[in-house]
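Novice: I am attaching a structure below and will ask some questions about it afterwards.
Values in this text are rule-based calculations from the coordinates and carry no lab data. Bear in mind the structure is a predicted one, so any value in this text is a computation, not a measurement. Heads up, the Cβs are rebuilt from the backbone with ideal geometry, glycines too, and the neighbour counts pull from every protein chain shown.
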Amino acid sequence: MSQKTILITGCSSGIGYDAALGLRDRGWRVFAACRREEDCARLRELGFDAPRIDYQDGASIDAGLAEVLEATGGTLDALFNNGAFASPGLVEDMPTDGLRAIFEANFFGW
């Protein structure tokens with residue numbers, strides 16, 4: 001049986017990071033995507049394929065997906081669309097630019 005493949009977004013920390021570790025430990029080939037290149041580099045040091053995917057940057061999404069599909073021969077068994085970000089504090093206290101950035105990534109993001 002061939003190795004299952006998954007693309008997980010938002011792997012720099014938290015649920016995405018833990019899911020990447022858990023699935024890799026269960027034999028999956030995990031593409032652990034992050035928004036920042038330094039986070040991708042850290043995951044590569046741990047043996048992950050780690051494309052940079054930023055929901056606010058359509059070109060990075062296209063490039064990241066192309067990288068994954070090239071590495072897998074055009075197939076992917078699963079997607080865990082986990083990437084998102086938040087800002088601490090009350091929404092009514094948040095500056096408009098901060099709220100726009102959150103909506104761009106979490107609501108309008110690809």
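Novice: What size of dipole, in debye to the nearest 20, comes out for the stretch 5-83 about its Cα centre when the only charges are +1 on Lys and Arg C-beta atoms and -1 on Asp and Glu C-beta atoms?
Specialist: My answer is approximately 200 debye.
Novice: Another question, then. Per DSSP H run of n ≥ 4, the term is -39500 (n - 2.57); total these for the chain, divide by its residue number, and report the mean residue ellipticity at 222 nm rounded to 500 deg cm²/dmol. Before the final figure, lay out the partial values.
Specialist: Working: 4 runs with 47 residues, N = 110.
Per the formula, -13000 deg cm²/dmol.
Novice: Considering the convex hull of the alpha carbon atoms of the stretch 5-83, report its projected area averaged over all viewing directions, in nm², one decimal. Walk me through the numbers on the way to the answer.
Specialist: On the way: hull surface 18.0 nm².
Average of the hull's projected areas for the stretch 5-83 equals 4.5 nm².
Novice: For the chain, what does the relative contact order come out to in percent, with C-alpha contacts under 8 Å and a separation of six or more? Working shown, then result.
Specialist: Numbers: 168 pairs, mean separation 30.7, N = 110.
Taking the mean separation of contacting Cα pairs over the length of the chain, I get 28 percent.
Novice: Expressed as an acute angle from 0 to 90° and rounded to the nearest 10, what is the orientation of the C-alpha long axis of helix 14-25 relative to the principal long axis of the chain?
Specialist: Tilt of helix 14-25: around 0 degrees.
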